[in-house]
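For reference, the structure is listed below as structure tokens.
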Amino acid sequence: MKDILAFIHVKKTGGISLQCLLAEQYGTKFYGGYTTPLKKIVAVNHSLEKDQLHELPSNSCVCKHWTYFELGEIKERANFITIIREPISRITSHYNFYLMHHPKGKTFSEYVQEQENINIYSRFLPSDTSLLAEIYLFENLKDCLSRSKFVKNFNNLRKENKTVYKYKLSSDDIKIFNKINEKDLEFFKVLKTDAL
């Protein structure tokens, strides 16, 4: 029996907004990240570590920047959900978020070529999309959530983690990104087809 909801939170896909909805829905049985919006929801459990997954109680929800594979221990008990976002839009947001915290940081070319920023969907999500109970599209998130079997109170969705956009990708930036993320660009087409 699947008695856990596992949200695979890929960075810069609107995940904090969904985490806040789920935290309100699950209360003390919500295990999520430690961000400012989630700190305001007092019931959130922030301390869950990967080696404690087997301790998750029934009817609970886990939401971390963990991959499907890192959550493998609970795969028989969990319904997996995720949000996807058009890859160029997602990396633009991700890089601008990085610049907010590192104003004199790496160039886009340096940043996008770091291993952790290459083919992120392919690393976070199973190639067999049938293992995901629901996929939501960032660009149409509220509408997707309105059809969800798992997320309640979708009308309370609000943008929680705002990124200030100072850097706009050039055509050369996009070419670099596309070249090293061919796998993800193809995978995104499949994921988008399977989204609610």
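The values are calculated or read from the model by the stated rules, or taken from the named source; none is laboratory data. If you're wondering where the values come from, they're calculated on a predicted model, not measured in any experiment. As a convention, Cβ positions derive from the backbone with ideal geometry for all residues, glycine included, and neighbour counts pool all protein chains shown. Surface areas here come from the heavy atoms of the whole protein model, side chains and all, with no ligands, DNA or RNA. Shrake-Rupley method; radii C 1.70, N 1.55, O 1.52, S 1.80 Å.
Below are the figures for this structure:
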quantity: Percentage, to the nearest whole number, of Cα pairs in the chain over 31 Å apart; calculated: 16 percent
quantity: Calculated from backbone phi, Karplus (6.51, -1.76, 1.60) coupling profile of region 49-66 in Hz, x at Gly/Pro; calculated: 10, 4, 6, 10, 4, 5, 8, 4, x, 4, 6, 10, 9, 10, 9, 9, 7, 10
quantity: Per residue, the convex hull volume that the Cα atoms of region 72-165 enclose (Å³); calculated: 133 Å³
quantity: Glu139-Ser58 pseudo-label distance in nm [points 7 Å out on the Cα-to-Cβ vector]; calculated: 4.2 nm
quantity: Most mobile of Val44, Val62, Val151 in a GNM of the chain (Cα contacts under 10 Å); calculated: Val151
quantity: Estimated distance in nm for a label pair at Glu76 and Glu110, the labels positioned 7 Å out from Cα along Cα-to-Cβ; calculated: 4.8 nm
quantity: Highest to lowest packing among 141-150, 3-12, scored as the average C-beta count within 10 Å; calculated: 3-12, 141-150
quantity: Additional length obtainable on full extension of the chain from Phe69 to Glu86, 0.36 nm per residue less Cα span; calculated: 3.9 nm
quantity: Cβ-Cβ FRET estimate between Lys152 and Lys39, R0 fixed at 22 Å, reported to 0.05; calculated: 0.50
quantity: Region 30-75: radius of gyration and largest Cα-Cα distance (Dmax), Å; calculated: 10.8, 30
quantity: Cβ-based charge dipole, the chain, positive-most Cα from Asn117, Ile74, Val44; calculated: Val44
quantity: Rounded accessible area per residue of region 127-184, 1.4 Å, Å²; calculated: 67 Å²
quantity: Full-stretch length increase - Glu49, Lys183 - with 0.36 nm per residue and alpha-carbon distance subtracted; calculated: 45.3 nm
quantity: Built amide H within the under 5 Å cut-off of Gly14, gap 5+; calculated: none
quantity: Cross-link pairs Lys75/Lys152; Lys2/Lys179; Lys29/Lys166 - those with Cα-Cα distance over 29 Å; calculated: Lys2/Lys179; Lys29/Lys166
quantity: Spatial separation of Cα centroids for region 162-196 and region 88-114, in angstrom; calculated: 13 Å
quantity: Among Lys106, Lys75, Lys183: highest mean-square fluctuation, GNM of the chain, C-alpha pairs under 10 Å; calculated: Lys106
quantity: Estimated dipole of region 3-147 in Debye, rounded to 20 [Cβ of Lys and Arg +1, of Asp and Glu -1, Cα centre]; calculated: 480 debye
quantity: Rounded tilt (10° steps) of 171-180 against the dominant C-alpha axis of the chain; calculated: 60 degrees
quantity: Of Ser122, Ser170, Ser17, the one that fluctuates the most in a GNM where the chain has Cα springs shorter than 10 Å; calculated: Ser170
quantity: Potential lengthening between His102 and Asp172 on full extension [0.36 nm per residue; Cα-Cα distance subtracted]; calculated: 23.0 nm
quantity: Total formal charge among the other residues, if their Cβ is under 13 angstrom from that of Lys50, Lys/Arg +1 and Asp/Glu -1; calculated: -4
quantity: Separation of the Val164 and Ser122 label points, Cα + 7 Å toward Cβ, nm; calculated: 3.5 nm
